[in-house]
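Following: one structure in structure tokens, then a few remarks.
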Amino acid sequence: MSLLVVGSVAFDALESPYGKVERTVGGAATYFAVAASFFAPVSLVGIVGDDFTQEDEKIFRGRHIDTDGLERATGKTFFWAGRYSQNLNERVTLGTELNVFAEFKPRLPEKYRASKYVFLANIAPDLQRDVLQQVKKRPKIAALDTMNYWIERSNAELRETLKHVDILMINDSETRELSNEHNLLRAAKHIFKMGPATLVVKRGEHGAMMVDKRGVFCVPAFPLEEPHDPTGAGDSFAGGFMGYLAGCGNKSDASLRRAMVYGSVLGSFTVEKFGLDRLRHLKRSEIHARARHFVKLTQFKL
Ligand code: AMP
């Protein structure tokens with residue numbers, strides 16, 4: 001079933017102990033769309049500048065990604081630069097240039113307005129709400145990602161937007177900051193009062209945790225001997241998670257748990273290489289093989 005994503009399409013400059021890339025296609029919506037398109041057709045809403053070439057757009061071609069909602073504006077594409085620490089756990093942002101993103105007013109093509117699954121990637125909360133309002137009927141699942149920047153600077157707008165979403169997918173520091181609670185289970189209770197009935201906390205190399213009224217489900221991160229670049233792992237997780245749910249068309253507890261595993265699978269592939277290099281050549285058979293590996297990874301007898 002149709003899965004809509006709105007968020008950044010970018011050029012990234014990346015540095016980790018494993019190497020450096022001066023300029024590569026990135027952006028939260030890009031990682032999400034590529035990851036999700038293995039499971040369901042994706043409709044992309046975003047903006048790029050006139051420096052974003054046909055060659056750059058190839059990342060979306062040959063996949064089930066509709067880019068009619070990708071606006072092309074005069075100017076430069078959003079640019080982000082980041083550097084990772086030796087153990088890849090810390091990241092410093094070296095620069096963010098909003099460029100055409102600064103004036104972005106998302107407009108949904110008519111055919112996107114019936115989307116049943118919506119993912120609001122990390123952008124200004126009022127733009128996220130604007131997108132949700134353009135969807136005609138309340139989606140089966142609306143999920144949202146955000147970051148400390150918006151929690152601090154647009155708290156009221158974020159809280160207003162959260163009233164309209166089902167799943168909040170953020171990392172642990174964002175969870176703590178949004179809820180003013182150190183303990184993640186207590187944080188979840190605060191977040192449920194804000195609107196979302198499900199909280200998915202992305203915890204990097206510690207995996208991910210889902211909390212809802214039925215309880216808690218945890219999935220590990222896939223153990224990798226040589227991770228190279230964590231950029232986009234969270235967005236790829238979200239893509240695997242939402243893509244799986246849109247593909248299977250239901251939101252039972254069993255489906256949500258499998259979605260957590262497919263999220264972790266897609267996130268793990270992303271960090272294996274720089275930027276989108278690993279997802280670019282990923283095959284469905286590899287995804288399913290790794291998902292089966294997760295069964296082995298977490299099985300035990302009592
Ligand atoms: P992640 O590693 O999941 O945080 O996502 C990294 C991606 O987010 C990169 O490809 C960046 O282009 C994009 N990004 C970084 N900062 C921002 C921002 N402030 N707004 C939107 N996208 C961003």
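None of the figures in this text is laboratory data; all of them are computed from the coordinates on show. Not measured: the values here are computed from a predicted model. Every residue, glycine among them, receives a Cβ derived from its backbone with ideal geometry; neighbour counts consider all protein chains shown.
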Cα convex hull of the chain, projected area averaged across orientations, nm²: 15.0 nm²
Value of [θ]222 nm, deg cm²/dmol, for the chain, DSSP H segments ≥ 4, -39500 (n - 2.57) each, nearest 500: -11000 deg cm²/dmol
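List Arg129, Arg138 from most exposed to least, where exposure is judged by having the fewest other Cβ atoms within 10 Å.
Ranked by crowding around the Cβ, least crowded first: Arg138, Arg129.
Please give the net charge around Ile59, taking every other residue with its beta carbon less than 12 angstrom from that of Ile59, where Lys and Arg add +1 and Asp and Glu add -1.
Working: positive: Lys58, Arg61, Arg63, Arg280; negative: Glu55, Asp56, Glu57, Asp277.
Combined, the nearby Lys, Arg, Asp and Glu give 0.
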Cα centroid separation, segment 145-191 to segment 72-100 (Å): 23 Å
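Pairs Lys111/Lys213; Lys58/Lys273; Lys136/Lys213; Lys140/Lys163; Lys140/Lys193; Lys76/Lys105: which are spaced more than 26 Å apart, C-alpha to C-alpha?
Over 26 Å apart, Cα to Cα: Lys111/Lys213; Lys136/Lys213.
How much length is gained on full extension from Arg153 to Arg91, taking 0.36 nm per residue of separation minus their Cα-Cα distance? Numbers along the way, then the final one.
Numbers: separation 62, 0.36 × 62 = 22.32 nm, distance 2.08 nm.
That pair, Arg153 and Arg91, stretches by 20.2 nm at full extension.
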Net charge, Gln86 excluded, C-beta distance under 14 Å - Lys, Arg +1, Asp, Glu -1: -3
Built amide H within the under 5 Å cut-off of Leu70, gap 5+: Gly46
Sequence of Thr96, Thr53 once ranked by neighbouring C-beta atoms within 10 Å, starting from the fewest: Thr53, Thr96
Segment Phe217-His293, length gained on full extension (0.36 nm per residue, minus Cα span): 25.6 nm
